[in-house]
Amino acid sequence: MRAVSALALMLLVQPAMAVDATVSAAPVTRFKGAALDQNVDGLIFRGGITLQSPDDTFGGLSSVTQTGAEQRVSFVTDRGQFVSGQLAYDEADRLFGFIGVQIEPLQNSKGAVLPRQYARDAEGMDTIWRDGVPYAVRVAFEHLTRVADFLITEGRPGGPAREIPIPDWLSDLRTNESLESLCVAPLASPVAGSTVLIAESAVDENGNHRGELLGVNDKGPIGYVNSPVVNPTDCAFLPNGDLLVLERGISIFAFVMNLRRVPAAEVRPGNIMAGELLLSAQGGEVDNMESLMVHVTPGGETRILMGSDNNFNDWQRTMLLEFALP
């Protein structure tokens, strides 16, 4: 028994290893009746893909961020993994695949694989940049609610976690509806360099979602106006400092999603942020939308990418949809 226990402990502290995954893609060419490059609500539809893989470790994609040049990105998953690869575009600047995919378990601060599912539920992520280069990713977790940084090496995040202090009211939340949204403000933002955290279900006395700004000069509580049916599930900044918030919910057994835009000046400590509705969809048009990223395509266009989390269920889809601002 002691030998078995020692072996289990030794395996637990082994460094995490990345494994290759085969991922195929099918195109999405219509959205809410609109064809490619047509207007949908306040955006322009640029197409998308659905992803499939025979590897049972692929799925549960909860958030996405850029981790390197040439469209290198990483997702975090419900099971505590980084899913890293490259978004592939054709000559028409259309997303058609996710290639070179590697899956690697997240580690704790001692460099060991996270031991329990309670500690693995990664839900939000954004990139920390230094001198214009992706330096690390900042990840938000539910259940065991916390925030941690992971260094980026050759376009892939990994290595031991470096935990970031958060307020007690956040760390005291111990549910799967605690910390879904995390994003880091760009240079153009009045709160440049600060991290925005928005709780999914924790609300104040007026029913607004509670949040927090983590920064040196700009820090403290911040709120986000609650909307019927949906809750905030991810956020991302536009280059000009405006904040995009992705909202997700369920209505009559169908998924609902909204995308809202908060002016840059409204992102400040002590404020209750309210966003203009840019896009709304439900039913078969969307799935469990949880990922949000703003990036520049090979053709030079700034795009908004939204992705869904299939929760490792066969009846749900892993979708990536892309839009441009008019």
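The values are calculated or read from the model by the stated rules, or taken from the named source; none is laboratory data. None of these values were measured; they are calculated from a predicted model. Reconstructed Cβ throughout: ideal geometry from the backbone, glycine too, with neighbour counts over all protein chains shown.
Being farther than 23 Å from residue 21 by Cβ and either aromatic (Phe, Trp, Tyr) or modelled with pLDDT of 95 or more (or both): is that true of residue 145 here? Yes. For segment 130-152, taking the residues that are buried (at least 18 other Cβ atoms within 10 Å of the Cβ) and basic (Lys, Arg), the one that is farthest from the chain's Cα centre (by Cα) is identified as 146. Contact map, segment 17-43: residues that are at positive phi paired with residues that are not in a strand (DSSP E or B), Cβ distance under 6 Å, separation 6+ or inter-chain. Pairs shown: 32/285.
Checking each residue in segment 129-176 for being in contact (Cβ under 8 Å) with a residue 40 or more places away in the chain, more than 20 Å from residue 295 (Cα to Cα) and of a type in the set (Gly, Ala, Ser) picks out 140, 158, 159, 161.
Residue count for segment 104-124 satisfying the condition of being over 18 Å from residue 319 (Cα atoms) and touching a residue at least 40 places away in the same chain (Cβ under 8 Å): 14. None of 220, 270, 207, 283 is out of contact with any strand residue (DSSP E or B) (no Cβ under 8 Å at 6 or more places or on another chain) and on the phi > 0 side of the Ramachandran plot except 207. On the basis of being farther than 30 Å from residue 37 by Cβ, polar (S, T, N, Q), buried (at least 19 other Cβ atoms within 10 Å of the Cβ) and in contact with a Ser or Thr (Cβ under 8 Å, 6 or more places away or on another chain), does residue 127 make the cut? Against the criterion (farther than 30 Å from residue 37 by Cβ, polar (S, T, N, Q), buried (at least 19 other Cβ atoms within 10 Å of the Cβ) and in contact with a Ser or Thr (Cβ under 8 Å, 6 or more places away or on another chain)), residue 127 does not qualify.
Report whether or not residue 200 is touching a Leu at 6+ places or on another chain (Cβ under 8 Å) and among the acidic types (Asp, Glu).
yes
Within segment 155-210, being surrounded by fewer than 16 Cβ atoms within 10 Å (Cβ to Cβ) and among the acidic types (Asp, Glu) holds for 163, 168, 172, 177, 204, 205.
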